[in-house]
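The values are calculated or read from the model by the stated rules, or taken from the named source; none is laboratory data. All of these numbers come straight from a predicted model, not from anything done at the bench. Positions of Cβ are backbone-derived with ideal geometry, glycine not excepted, and every protein chain shown enters the neighbour counts. The protein model used for the area step is the full one, side chains on, heavy atoms only, and it has no ligands, DNA or RNA in it. Shrake-Rupley method; radii C 1.70, N 1.55, O 1.52, S 1.80 Å.
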Amino acid sequence: MKPLRISIVLSCAALLSACVSGPVREALPPIAGSPEAHQAQRETELTTQASWSLQGRIALSNGRDGGSGRVDWSQDGTRYAVSQSAPITRQSWRLSGDEHGAQLEGLEGGTRVGADPAGLLHEATRWEIPVTA
């Protein structure tokens with residue numbers, strides 16, 4: 001009987017240890033000054049960042065068509081590469097370029113090249129994405 005009791009006690013202890021909560025996050029300190037001034041300061045600081053990248057999920061709609069997928073964006077000075085993939089529709093594309101021009105690959109009709117990256121993307125997909133911003 002003792003081994004059964006010990007087994008039950010250990011099982012209960014194991015179950016209770018699974019219920020331990022994680023550490024409590026502390027609240028961020030309040031923003032000093034107005035939120036608008038804080039945002040302006042943040043935007044000024046971010047303009048000094050010449051190289052950055054992001055990865056995430058994206059959902060787009062132009063009022064008629066919509067979709068969602070994954071987006072990968074890397075920026076190094078004026079050079080950029082933006083790729084989007086939608087697993088459900090199996091549609092994907094890659095837009096890359098710099099201040100001299102852009103190249104859009106992966107869509108029906110073949111590779112497109114032009115000076116205006118947002119225009120290339122809009123013409124091919126009807127999506128308005130502020131690539132140059």
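Every listed requirement among (1) among the polar types (S, T, N, Q); (2) part of a strand (DSSP E or B); (3) open to solvent by 60 Å² or more (accessible area, probe 1.4 Å); (4) more than 15 Å from residue 131 (Cα to Cα) is met by residue 92 save one, (3).
Say we look at the stretch 59-89 and pick out the residues that are part of a loop (DSSP other than H, G, I, E, B) and not small (Gly, Ala, Ser); which of these is surrounded by the fewest Cβ atoms within 10 Å (Cβ to Cβ)? Out of the qualifying residues, it is 64. Counting only residues that are open to solvent by less than 90 Å² (accessible area, probe 1.4 Å) and not in a helix (DSSP H, G or I), which one in the stretch 12-30 is modelled with the highest pLDDT? Applying the filter and picking the extreme gives 22. Among the residues making up the stretch 118-133, a single one is open to solvent by 90 Å² or more (accessible area, probe 1.4 Å) and of a type in the set (Gly, Ala, Ser): 133. For the stretch 96-106, check the following and say yes or no: at least one residue is in a strand (DSSP E or B), open to solvent by 80 Å² or more (accessible area, probe 1.4 Å), under 26 Å from residue 47 (Cα atoms) and not polar (S, T, N, Q). No, the stretch 96-106 contains no residue that is in a strand (DSSP E or B), open to solvent by 80 Å² or more (accessible area, probe 1.4 Å), under 26 Å from residue 47 (Cα atoms) and not polar (S, T, N, Q). A single entry from 84, 103 fulfils the requirement of being touching a Ser or Thr at 6+ places or on another chain (Cβ under 7 Å) and closer than 24 Å to residue 66 by Cβ: 84. Identify, please: which residue in the stretch 33-51 is open to solvent by 90 Å² or more (accessible area, probe 1.4 Å) and not in a helix (DSSP H, G or I) and is, among those, nearest to residue 77 (Cα to Cα)? Per the stated criteria, the residue is 49.
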